[in-house]
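Inspection log for the structure reproduced underneath, given as structure tokens.
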Ligand code: GDP
Ligand code: MG
């Protein structure tokens with residue numbers, strides 16, 4: 001089977017990352033790696049929207065505090081497309097707890113606390129599809145890139 005160079009992942013700079021001026025740094029890492037940006041916006045989500053995004057964690061003791069943190073400012077929502085985008089995106093982010101994230105990862109380079117870990121990335125292709133539909137109901141941007149044969153063996 002041909003490799004899927006159209007896999008998509010939802011990547012979000014959280015309010016602490018926006019406040020600390022890390023939007024460009026985080027986006028640049030995905031851009032330079034070779035992924036294709038197919039949607040992006042700065043947005044102030046509602047509490048209900050964030051509770052839906054994090055619905056799998058609603059029973060966790062940190063849930064109310066985490067939602068409060070996510071409501072503390074706008075987030076920068078992005079969809080990146082490319083080979084193994086979900087798994088590679090998670091590797092680029094680093095572990096959930098930044099203290100366990102290796103240097104060279106986004107969290108490993110810019111964060112220290114699990115409750116202030118500056119970025120989100122989908123953890124499975126199925127969840128990526130759900131998150132993209134939740135954050136970008138208006139749809140994604142369609143365009144072709146001239147560099148695709150330089151990024152992939154096509
Ligand atoms: P992720 O997929 O790596 O973002 O991690 P999870 O989906 O498990 O958790 C979602 C977010 O909840 C994390 O990115 C953290 O911001 C937060 N979180 C997870 N575990 C903890 C925790 O033990 N304490 C606190 N304060 N926040 C947590
Ligand atoms: Mg998660």
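Modelled spin labels at residue 31 and residue 71, positioned 7 Å past Cα toward Cβ, are 3.3 nm from each other.
Shape verdict for the stretch 72-154, please, from the Cα gyration tensor: rounded (a/c under 1.5), prolate (a/b greater than b/c) or oblate. Oblate is the answer for the stretch 72-154, as a/c is 1.5 or above yet b/c matches or exceeds a/b.
By the count of other C-beta atoms within 10 Å, a proxy for reagent exposure, 46, 96, 105, 9 are ordered fewest to most as 46, 96, 105, 9. With R₀ set to 25 Å, the beta-carbon distance separating residue 62 from residue 83 gives a calculated FRET efficiency near 0.15. Just to be sure I understand: of the beta bridges DSSP finds with both ends in the chain, what percent are antiparallel, rounded to 5? Percentage antiparallel, nearest 5: 95.
Applying 0.36 nm per residue to the separation of residue 116 and residue 48 and subtracting their alpha-carbon distance, the gain on full extension is 22.4 nm.
Please report, in cubic angstrom per residue, the volume enclosed by the convex hull of the alpha-carbon atoms of the chain.
Here the figure is 120 Å³ per residue.
Distance between the C-alpha centres of the stretch 1-52 and the stretch 103-132: 9 Å, rounded to the whole angstrom. Approximating the spin labels as points 7 Å out from Cα along Cα→Cβ, the residue 154-to-residue 123 distance works out to 3.0 nm. For the chain, the 222 nm mean residue ellipticity estimated from helices alone, with every DSSP H stretch of n ≥ 4 adding -39500 (n - 2.57) and the total spread over all residues, rounds to -10000 deg cm²/dmol.
Each value in this text was obtained by applying a stated rule to the coordinates, not by laboratory testing. Keep in mind the model is a prediction, meaning the values are calculated, not measured. All Cβ positions, glycine included, derive from the backbone under ideal geometry; neighbour counts span all protein chains shown.
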